[in-house]
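The values are calculated or read from the model by the stated rules, or taken from the named source; none is laboratory data. All of these numbers come straight from a predicted model, not from anything done at the bench. In this analysis, Cβ positions are derived from the backbone assuming ideal geometry, glycine residues included, and neighbour counts consider all displayed protein chains. Please note that ligands, DNA and RNA were not included when accessible areas were found on the heavy atoms of the full protein model with its side chains. Shrake-Rupley method; radii C 1.70, N 1.55, O 1.52, S 1.80 Å.
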Amino acid sequence: MSVTLESQDLKFEISKNGSYKVIDKQTNMIWRSNPYIPRFGSATIRTEGRIHYLSLDNLEISKIDGEIRLICKEQKDDLSFHVKLLDDGRTLEFSYDASENVEVENVRLLDDGLWLTDVDEGYIIVPVREGLLIPSNSGRAFIRMFETFAYEGCHMEMLGIVKRKSAVMITWHDPYVTAEVRSTLNSAAAQARQILSVSLDLKKTARAFRMRFLGEGDYVTIAKAYREEARRKGWLVRWRQKIRETPNAAKLIGASNFKLWHCLDRRLDYKMNEKSVTVNWTFEEAAEIAEHLKNDLGIERAIFIIGGWIHRGYDNQHPDILPACPECGGNEALAEASKRIKNLGYLFCLHDNYQDIYRDAPSWSEDYVMKTPDGCLMKGGFWAGGQAWLICSKKGLELAKRPQNLPEVKKLFDPNAYFNDTTFAAGLYECYDPDHPLTKWDDMKYKQALCKYTMSLFGVFGSECGREWGIPYSHFFEGLGGVSGRHYHSIDPSSLGARVIPFFEMVYRDCIAVYGKYSYDYSRAAEYVLHHIIIGRPLHYHSWDRGLYWKKAPKDELQGWPYDSSCFIRADNGWAEGLCLIDRFIKNTHEILSPLHEITAETTMTKHEFLTSDFRVEHVVFGEDVDIVVNKASGEFGRIRGYVDYVHASKMGGEVI
């Protein structure tokens, strides 16, 4: 026995064992459920103090008012599942209901469904940082979880799947969803060398997801479709609106990110003993560096960020940030630096943090700290200031609003931009303190409120990494574009056989400024620079020598080589000739990326493709008028067969590759 839902574009058919297939009539493509076990999914529930694991393979099926209802025969009164064909005729909505006497631990749906094989010319799109394309013919076996809004999880509430040019978009709207991508090799289930599949794990408030069958298309098609979803959720807030509300946000268009991370670097050990205190830059030196960038290098557009300005230095004694660290010059010197840097036309930004608190902070109180389910304090990372503990976001907002915190920073230094660390980077948390409990939804709400409050004081606001829920409440993300000169922090794309694609640029490009984060080796950064040309974003310059670096640069610094990862520190007869290595790299790259961003910031990426079989040559189009080909191959390209079309003679001499 089977039951069907059907429209002009789609046919869904399910059997009583839970297995199903979907026929996309637009492309005549058939998509199927779990290839390993014939079932709809699985669930773990708790009733009367007992835990039950349910394999959803023995179902009662009915069709009422155009909706299919599925009931597990083992727990008839506890769970019901629903599949509905929406009015557009191309979208299926999967959902479930639970009775009041059952506690649902988790429900696993899709359950290795919509699978691909190595011969399907297919892939799965995961929106982690810029975007990850995982092909179905990589020859890699793995299982990878992508928790919604977690660190290097799904940074948008979606997945995409393409099979022989037939595209599907999977969406949800709940932080309690975790996506799983699984690859198996040499499976008899489909007589294939490789099977690539997806599952969704739904917990707590997560009760539904949707599959929209887009017909013929690719990841660009999926991005365009998801952009409409983002608009519907209210998260697609474009530059024109943000600049109208915050005129200084226009200064981010074409602006490179210059950051002095640790003006004061104070290090503690595990016993909270002070190991070292180092002044890397005084506030006077910070202002002089900014003036050097403007006056000597001709950098017109910049956001200049200072970290380690707070009373005991970077990642120390939060939330007690004032007075500014005396070793670097104190309040008066920081106020003067703010004036000098803003007078350059730059955004002057201070780095702060309302996620972490330290035991040696004068304001330390366990009342501020999130609690685990068993009542313990929730640990954060071990940073420069020792062991950090995680502030409940409701309390973090209260701390930020204290007279001695953000209001006093505004009064003393008047920065025209502000950066709250970790707000977007950390996953959404739960707090079990009875005095300030939090769900993930609550955590999002209070973090958005913190962003909104910070913007009300300083105007331009940004935070670490970036999540789509933060787009309406911020102007820049620091870390979404890359980490330490790489695409990811902990993900190794090669372990998944995956490729990085600029998916974010196709959805949210015209909404926010995006940068990478952390230091990297400028003399080995060619591919990282080329990545930024592909995404059309200015670089972050976070690697500096102590003090006024250009005045003490050694005479024998590397000069760089053509056809090499050091090519962007070269300056033979160029605009950066005679400069130190850091300045050569800044000048060479800023002068490419800043104007590129200026002419493309308010457009989306409308096309992206790989032009060679090794994926080293990429073609992108921004809007309708900006067309770019980027060649990442190493070696003397003009002599390598297959790359001759991507080498051009420059009118100024030499080859452009």
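Selection of the range 540-556 for residues being open to solvent by 30 Å² or more (accessible area, probe 1.4 Å), within 32 Å of the chain's Cα centre (by Cα) and not aromatic (Phe, Trp, Tyr) yields 545, 546. Against the numbered list (1) open to solvent by less than 70 Å² (accessible area, probe 1.4 Å); (2) in contact (Cβ under 8 Å) with a residue 12 or more places away in the chain; (3) within 30 Å of residue 8 (Cβ to Cβ), residue 63 comes up short only at (1). Just one of (1) under 13 Å from residue 312 (Cβ atoms); (2) crowded, with 22+ Cβ neighbours inside 10 Å fails for residue 384. It is (2). Of the strands (runs of 3 or more DSSP E) lying entirely inside the range 224-313, those containing at least 1 residues that are in contact (Cβ under 8 Å) with a residue 40 or more places away in the chain and touching a Ser or Thr at 6+ places or on another chain (Cβ under 8 Å) are 256-260, 264-268, 302-306. The requirement of being in contact (Cβ under 8 Å) with a residue 24 or more places away in the chain and in contact with a helix residue (DSSP H, G or I) (Cβ under 9 Å, 6 or more places away or on another chain) is satisfied by residue 335.
Scanning the range 521-536 for residues that are out of contact with any helix residue (DSSP H, G or I) (no Cβ under 6 Å at 6 or more places or on another chain) and either assigned to a loop (DSSP other than H, G, I, E, B) or more than 25 Å from residue 476 (Cβ to Cβ) (or both) yields 521, 524, 525.
Which residues, counting only those in the range 338-354, are more than 21 Å from residue 425 (Cβ to Cβ) and in contact with a helix residue (DSSP H, G or I) (Cβ under 7 Å, 6 or more places away or on another chain)? 338, 340, 341, 344, 346, 348, listed by residue number. In the range 75-89, the qualifying residues are those that are within 15 Å of residue 102 (Cα to Cα) and surrounded by 14 or more Cβ atoms within 10 Å (Cβ to Cβ), and the one that is modelled with the highest pLDDT is 81.
Entry remark, the range 39-57: residues being touching a Gly at 6+ places or on another chain (Cβ under 9 Å) and either open to solvent by 70 Å² or more (accessible area, probe 1.4 Å) or of a type in the set (Phe, Trp, Tyr) (or both) number 1 in total.
Within the range 332-391, track down each residue that is small (Gly, Ala, Ser), touching a strand residue (DSSP E or B) at 6+ places or on another chain (Cβ under 9 Å) and more than 26 Å from residue 272 (Cα to Cα). Before you say what the answer is, go through the steps one by one.
Initially, the range 332-391 is screened for residues small (Gly, Ala, Ser), giving 333, 335, 337-338, 345, 361, 363, 365, 375, 380-381, 384-386, 388.
If we keep only those that are touching a strand residue (DSSP E or B) at 6+ places or on another chain (Cβ under 9 Å) as well, we get 337-338, 345, 363, 365, 380-381, 384-386, 388.
Result: 337, 338, 345.
If you go through the range 199-212 and keep only what is in a strand (DSSP E or B) and either open to solvent by less than 10 Å² (accessible area, probe 1.4 Å) or over 25 Å from residue 23 (Cβ atoms) (or both), you end up with 199, 200, 201, 202, 209, 211. The residues of the range 213-223 that are within 17 Å of residue 509 (Cα to Cα) and either open to solvent by 20 Å² or more (accessible area, probe 1.4 Å) or not in a helix (DSSP H, G or I) (or both) amount to a single one, 221. Filtering the range 278-300 to residues that are of a type in the set (A, V, I, L, M, F, W, C) and either closer than 18 Å to residue 254 by Cα or open to solvent by 50 Å² or more (accessible area, probe 1.4 Å) (or both) leaves 279, 290, 293, 297, 299. Restricting attention to the range 177-198 and to residues that are hydroxyl-bearing (Ser, Thr, Tyr) and under 22 Å from residue 121 (Cβ atoms), the residue that is surrounded by the most Cβ atoms within 10 Å (Cβ to Cβ) turns out to be 197. Quick check on the range 93-104. Is at least one of its residues within 21 Å of residue 172 (Cβ to Cβ) and crowded, with 22+ Cβ neighbours inside 10 Å? Yes, because at least one residue in the range 93-104 is within 21 Å of residue 172 (Cβ to Cβ) and crowded, with 22+ Cβ neighbours inside 10 Å. Among the residues of this structure, residue 311 counts as one that is modelled with pLDDT of 95 or more and touching a Pro at 6+ places or on another chain (Cβ under 7 Å). Within the set 395, 401, 411, the sole residue that is in contact with a His (Cβ under 8 Å, 6 or more places away or on another chain), of a type outside the set (Ser, Thr, Tyr) and open to solvent by 10 Å² or more (accessible area, probe 1.4 Å) turns out to be 395. Applying a threshold of 9 Å to beta carbon distances and a minimum spacing of six or more residues, or different chains, the list of pairs starting in the range 573-593 at a residue that is farther than 17 Å from residue 300 by Cα and open to solvent by 30 Å² or more (accessible area, probe 1.4 Å) and ending at one that is assigned to a loop (DSSP other than H, G, I, E, B) and charged (D, E, K, R) reads 579/296. From the list 227, 244, 164, 267, the lone residue that is open to solvent by 10 Å² or more (accessible area, probe 1.4 Å) and under 22 Å from the mean Cα position of the chain (by Cα) is 227. Do we have residue 561 as open to solvent by less than 60 Å² (accessible area, probe 1.4 Å), of a type in the set (Phe, Trp, Tyr) and not in a helix (DSSP H, G or I) here? No.
I need a count of the residues in the range 601-613 that are in contact (Cβ under 8 Å) with a residue 40 or more places away in the chain and either in contact with a His (Cβ under 9 Å, 6 or more places away or on another chain) or open to solvent by less than 20 Å² (accessible area, probe 1.4 Å) (or both).
Initial filter on the range 601-613 (in contact (Cβ under 8 Å) with a residue 40 or more places away in the chain): 601-608, 610.
Filter once more, keeping what is either in contact with a His (Cβ under 9 Å, 6 or more places away or on another chain) or open to solvent by less than 20 Å² (accessible area, probe 1.4 Å) (or both): 601, 605, 607-608, 610.
Matching residues across the range 601-613 total 5.
Only one residue in 537, 570, 616 is open to solvent by less than 10 Å² (accessible area, probe 1.4 Å) and of a type in the set (Lys, Arg), so which one is that? Walk me through how you get there before you give the answer.
Values: 570 fails: open to solvent by less than 10 Å² (accessible area, probe 1.4 Å); 616 fails: open to solvent by less than 10 Å² (accessible area, probe 1.4 Å).
Sole residue among the options that is open to solvent by less than 10 Å² (accessible area, probe 1.4 Å) and of a type in the set (Lys, Arg): 537.
I want to confirm something. Restricting to the range 461-497 and keeping residues that are on the phi > 0 side of the Ramachandran plot and in contact with a helix residue (DSSP H, G or I) (Cβ under 9 Å, 6 or more places away or on another chain), which single residue is surrounded by the fewest Cβ atoms within 10 Å (Cβ to Cβ)? By that ranking, first place goes to 485.
Looking at residue 250, is it of a type outside the set (Lys, Arg), surrounded by fewer than 21 Cβ atoms within 10 Å (Cβ to Cβ) and within 16 Å of residue 349 (Cβ to Cβ)? Spelling it out, residue 250 is indeed of a type outside the set (Lys, Arg), surrounded by fewer than 21 Cβ atoms within 10 Å (Cβ to Cβ) and within 16 Å of residue 349 (Cβ to Cβ). The single condition among (1) assigned to a strand (DSSP E or B); (2) at pLDDT below 95 that residue 189 does not meet is (1).
Can you work out which of the residues in the range 322-376 that are assigned to a strand (DSSP E or B) and farther than 16 Å from residue 408 by Cα is most open to solvent (accessible area, probe 1.4 Å)? Working first, answer last.
Looking only at the range 322-376, we keep the residues that are assigned to a strand (DSSP E or B), and these are 347-353, 356-358, 369, 371.
Cutting the leftovers down to farther than 16 Å from residue 408 by Cα gives us 347-348, 356-358, 369, 371.
Working: 347: 0, 348: 0, 356: 8, 357: 0, 358: 0, 369: 0, 371: 24 Å².
If we take residues in the range 322-376 being assigned to a strand (DSSP E or B) and farther than 16 Å from residue 408 by Cα, then 371 is most open to solvent (accessible area, probe 1.4 Å).
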